[in-house]
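Read through the structure below, which is laid out as structure tokens, and then see the notes.
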């Protein structure tokens with residue numbers, strides 16, 4: 001017996017020395033430039049302003065108020081907050097395995113038993129029957145504790161804590177995304193409000209032209225072609241006006257949904273709210289990893305994946321556990337506290353996986369593959385983040401040039417429209433020239449309104465791409481522990 005026990009222990013010690021496959025840690029082979037390629041000369045030397053909510057750069061009190069409301073009532077943000085709570089609870093579950101598990105129990109039983117006896121010699125020959133009733137009361141206290149010698153439980157706890165940090169950063173990312181979408185929709189609604197005003201003014205102008213042309217047509221001064229072309233222009237302008245109104249109502253409803261309101265299209269739009277686009281320093285490309293919530297969250301998930309590799313490796317080694325129990329058992333309830341009726345036991349055990357069909361090694365490989373996948377996804381997210389900032393910086397420059405050109409175009413088109421209308425009244429040009437001049441003026445003004453909104457969108461994209469200046473110091477501080 002002793003020999004068999006010695007052989008078994010020797011086998012366990014030998015198997016416990018088997019090492020799991022080494023963790024492969026692919027490196028992110030991405031070298032960002034020293035400065036943004038699409039940025040201006042000031043960007044590298046400027047520091048991006050920290051701990052400042054990005055939308056405050058617009059100096060728009062209405063937007064500030066809407067964002068505060070959305071942060072209180074938006075349901076997607078509330079769902080992200082619930083996911084953080086779930087991750088925290090899961091981390092507590094993982095941490096609980098580090099501590100002894102204590103359970104207590106109380107039992108009470110009553111038993112009735114009939115005992116049949118043999119007939120007595122010289123008696124009646126009948127068997128004797130007796131009844132015995134017994135009580136049993138018990139109280140027990142059980143404790144079990146796995147000694148985390150190889151760090152399996154600690155690795156799982158660290159992975160769960162990294163998941164908590166990732167979920168917390170995801171909440172910041174959801175907040176950042178919500179504020180960006182809300183700002184874009186707010187200024188899109190403002191643009192559409194102006195487009196409605198512009199299309200209404202155009203419709204009224206076309207209607208005035210029709211009345212004048214109709215008077216001249218009735219006097220025989222112009223042909224029916226002029227009158228029909230003018231009527232067609234009015235109908236087209238009316239359709240455009242109705243389409244703009246529909247788009248504005250849709251934008252109002254989208255805003256109300258983001259605010260957690262019923263989509264009744266009743267929100268007031270301040271069409272005079274024009275943000276002043278101040279210069280926003282872009283900082284350095286190398287600083288982006290520590291500023292964007294999506295990249296910080298991805299880094300935390302890489303850390304969690306690596307810890308789960310360590311956890312899977314530790315599962316290959318023996319598990320050492322201590323179990324103990326103590327209790328009282330008596331036929332009388334009052335004797336449960338009497339030490340003479342106490343019983344106890346303590347047991348130590350070592351369990352080593354000898355053969356499980358490759359399940360544990362496959363678990364290690366799966367955890368490794370997950371870590372490599374997380375790292376590859378991080379690298380792709382990093383490239384996408386660089387591209388977002390570069391595109392936003394380039395858009396700032398190109399859209400500013402387009403706005404300048406469209407301002408000139410709108411001014412010249414308005415002057416040409418006035419000239420064409422005057423010449424048509426004097427019979428110097430035909431109706432086609434006048435209608436074309438009116439369409440060009442309307443189109444140029446509409447494009448100018450739109451390009452100004454596009455510049456705002458580009459600024460929002462730049463602020464979001466740079467991380468939004470949201471303070472995540474609490475989460476980042478914990479992640480460094």
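Every number in this text was worked out from the coordinates using simple rules, so none of it is lab data. From a predicted model like this one, the values you see are computed outputs, not experimental measurements. No Cβ is skipped: glycine too gets one built from the backbone with ideal geometry, and neighbour counts run over all protein chains shown.
Before moving on, here are some points about what is shown:
- Potential lengthening between residue 73 and residue 400 on full extension [0.36 nm per residue; Cα-Cα distance subtracted]: 114.2 nm
- Normalised contact order of region 159-316, rounded percent, pairs of Cα under 8 Å and 6 or more residues apart: 41
- The listed peptides 256-262, 54-60, ordered by packing as a protection proxy, come out as 54-60, 256-262 (highest mean of other Cβ atoms within 10 Å first).
- Working from label points 7 Å from Cα in the Cα-to-Cβ sense, the residue 113 to residue 211 distance is 11.3 nm.
- Of interest is the spacing of the C-alpha centroids, which for region 77-116 and region 255-295 amounts to 45 Å.
- Computed over the Cα atoms of region 274-319, pair by distinct pair, the Kirkwood hydrodynamic radius stands at 14.2 angstrom.
- Shape class of region 240-309 from the alpha-carbon gyration tensor: oblate, with a/c at 1.5 or above and b/c at least as large as a/b.
- Each principal axis of the Cα atoms in region 137-181 has its own extent, and those three values, largest first, are 66, 34, 7 angstrom.
- Cβ-to-Cβ counts within 10 Å put 404, 133 in ascending order as 133, 404, the fewest first.
- Sorted largest first, extent of region 389-437 alpha carbons per principal axis (Å): 55, 15, 8
- Two-site FRET efficiency, residue 242 against residue 369, from Cβ-Cβ distance with R₀ of 60 Å, rounded to 0.05: 0.60
- Segment residue 345-residue 201, extension gain: residue separation times 0.36 nm, minus the distance between their alpha carbons: 42.6 nm
- Footprinting exposure proxy for 175, 112 (fewest neighbouring C-beta atoms within 10 Å first): 112, 175
- Computed over the Cα atoms of region 216-278, pair by distinct pair, the Kirkwood hydrodynamic radius stands at 15.3 angstrom.
- Label-to-label distance for residue 270 and residue 102 is 6.0 nm, based on points extended 7 Å past Cα in the beta-carbon direction.
- Histogrammed with a bin width of 10 Å, the alpha carbon distances of region 162-206 distribute as 25, 25, 19, 15, 11, 6, 1 percent, first bin at zero.
- Length released on extending from residue 81 to residue 419, taking residue separation times 0.36 nm less the Cα-Cα span: 115.6 nm
- Order of 99, 398, 172 - criterion: other Cβ atoms within 10 Å of each residue's Cβ, fewest first: 99, 398, 172
- Whole-Å distance, taken between Cα centres, linking region 359-385 and region 137-174: 22
- For region 243-285, the relative contact order is 26 percent, taking Cα pairs closer than 8 Å that sit 6 or more residues apart in sequence and dividing their mean separation by the residue count.
- Cα shape, region 352-428, gyration tensor, a/c 1.5 rule: prolate
- Modelled spin-label separation between residue 387 and residue 131, with each label point placed 7 Å from Cα along the Cα-to-Cβ direction: 8.7 nm.
- Three-way shape call for region 131-231 based on the alpha-carbon gyration tensor, with the a/c threshold at 1.5: prolate
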